[in-house]
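Presented below is the structure to which this report refers.
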2 protein chains.
Amino acid sequence: MLTPEHMQQTVERYLTGINDGDMEAVVSLFANDALVEDPVGTEPKSGDEILKFYTKAFAGGAKVELTGPVRISAKAAAFPFRGEITRVDGPTIIVEVIDIFEFDEAGKVVKMTAHLGPTNITVKDG
Amino acid sequence: MLTPEHMQQTVERYLTGINDGDMEAVVSLFANDALVEDPVGTEPKSGDEILKFYTKAFAGGAKVELTGPVRISAKAAAFPFRGEITRVDGPTIIVEVIDIFEFDEAGKVVKMTAHLGPTNITVKDG
C-alpha cells in the first residue's frame, strides 16, 4: 500500500542519492515504465535515457536540499528544493525547483515533472 | 505572448484575491474552460463550480503567503505557499500547499492543480 511515509522517504532518498552522486540509487526509485519530464514542457525521457539524464545533469557534483515540506496527496508528492549544481567545464549554478513525483501502487515513481525556468537559475560567482 | 512576468503577476493576483476575499478576482484569472483539481487526485471542477469552490473554501477568511519563489517554466508556474484558513463554524487550519498553474496562450490559467494532504494540515489552537 502506498503511504505518506513511503512517499516522504522516497523524496529523501532521491535527494540523498543526488548528494551522494549515486545515480543508480536515484534511478532505482523509478518504475520500469517511468517518465521524466525535466523541465516541464520538454519531451519526457524514459528507459535508459533516465539514468543518462541524471548522470549527465549531476556529473560535476550537486548539493540539493528541501526548502519546505513535501506536499503529499493520495498518489503524489510535490516538493520545493534548492540545488547547487556544478557543471562539468562550467560554472556553479543555483536552481530553485519544484518536483512532482507521481507514484504507482508498488510505491515506485511513474512520473517525475520538474518545474523551473530561467528566472529560477542563478550563476554563482567564483 | 505568455511571459514569465505575466505568470508571476497572475500568482500574486491569485494570492491577493484570496487575502482580500475577492473570489471574483480569483476566478477572473482562469480561462472559461479551466479545470481546478484541488486537491490533486479528486475530480476536477469546471465552469460555475470553480467560483462556488473558492467561495466555500474561503468563506471564513484566509491569509495566504508565498513561502518560496514561483517556479516559472514555458507555460506553467508552480509555487509553494502557506495558508491560514478559518472555516465557517470550524477551527483555523494551517496548510502547506504547492499549486501548479498551467496557462493558455492568452495568459489565462487553464488548469490549477493543488498538492497537499493530511500531513500538510495543522489545526491551530484557540
Nm distances between copies for residue A:118, ranked from closest, using label points 7 Å along Cα→Cβ = 4.5
Provide an ascending nm list, one decimal, of label-point separations from residue B:91 to the equivalent residue in each further copy; define each label point as 7 Å from Cα along Cα→Cβ.
-> 4.8
Using alpha-carbon coordinates, inclination of helix B:4-20 to the longest axis of chain B, degrees = 30
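Please give the total accessible area that chains A and B bury against each other, computed with a 1.4 Å probe and expressed in Å² to the nearest 100.
Numbers: alone 7140 and 7130 Å², together 12660 Å².
For chain A against chain B, roughly 1600 Å² becomes buried.
Show me the ranking of peptides B:90-99, A:15-24 by mean Cβ neighbours inside 10 Å, starting with the highest.
Details: B:90-99: 18.5, A:15-24: 15.9.
Ranking, from highest mean packing down: B:90-99, A:15-24.
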What are the residues whose amide H is under 5 Å from the amide H of residue B:31, where those residues sit 5 or more places off or on another chain and H is modelled from the backbone?
-> B:109, B:110
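Defining a contact as two alpha carbons under 8 Å apart and six or more residues distant in sequence, what relative contact order in percent does segment A:1-79 show? Please list the in-between numbers first.
Details: 68 pairs, mean separation 28.5, N = 79.
Taking the mean separation of contacting Cα pairs over the length of segment A:1-79, I get 36 percent.
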Each residue of A:57-67 has, on average, a number of other protein chain C-beta atoms within 10 Å of its C-beta equal to 0
In nm, what does the list of distances from residue A:106 to its counterparts in the other copies look like, shortest first, when each label sits 7 Å along Cα to Cβ?
-> 4.4
Send over a whole-number figure in Å² for the accessible area per residue of segment B:4-124, probe 1.4 Å.
-> 48
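What number, rounded to the nearest 500 deg cm²/dmol, is the helix-based mean residue ellipticity at 222 nm of chain A, given -39500 (n - 2.57) per DSSP H run of at least four residues and division by all its residues?
Numbers: 3 runs with 31 residues, N = 126.
Theoretical 222 nm ellipticity from helices: -7500 deg cm²/dmol.
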Backbone HN-Hα couplings from phi across segment B:104-119 [Karplus 6.51/-1.76/1.60, Hz, Gly and Pro as x] = 8, 5, 7, x, 8, 7, 9, 8, 10, 10, 10, 9, 6, x, x, 6
Where along chain B is the Cβ that lies nearest the axis linking it to chain A, and how many Å separate them?
-> B:80, 2
In degrees rounded to 10, the 0-90 angle between helix B:48-57 Cα long axis and the longest Cα principal axis of chain B is 40
So what's chain B giving for Rg/Rh, alpha carbon basis, Kirkwood Rh from the mean inverse pair distance?
-> 0.95
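Counting only protein heavy atoms and using a 1.4 Å probe, what share of the accessible area of chain A belongs to carbon plus sulfur, as a whole percent? Don't skip to the answer; put the middle values down first.
On the way: 3310 of 6330 Å².
Answer for chain A is 52 percent, counting heavy atoms of protein chains only.
The values are calculated or read from the model by the stated rules, or taken from the named source; none is laboratory data. Treat the numbers as computed from the prediction; the structure is a model and nothing was measured. Glycine gets a Cβ as well: all are built from the backbone with ideal geometry, and neighbour counts include every protein chain shown. Just so you know, the surface numbers come from the protein's heavy atoms only, side chains and all, with ligands and any DNA or RNA stripped out. Shrake-Rupley method; radii C 1.70, N 1.55, O 1.52, S 1.80 Å.
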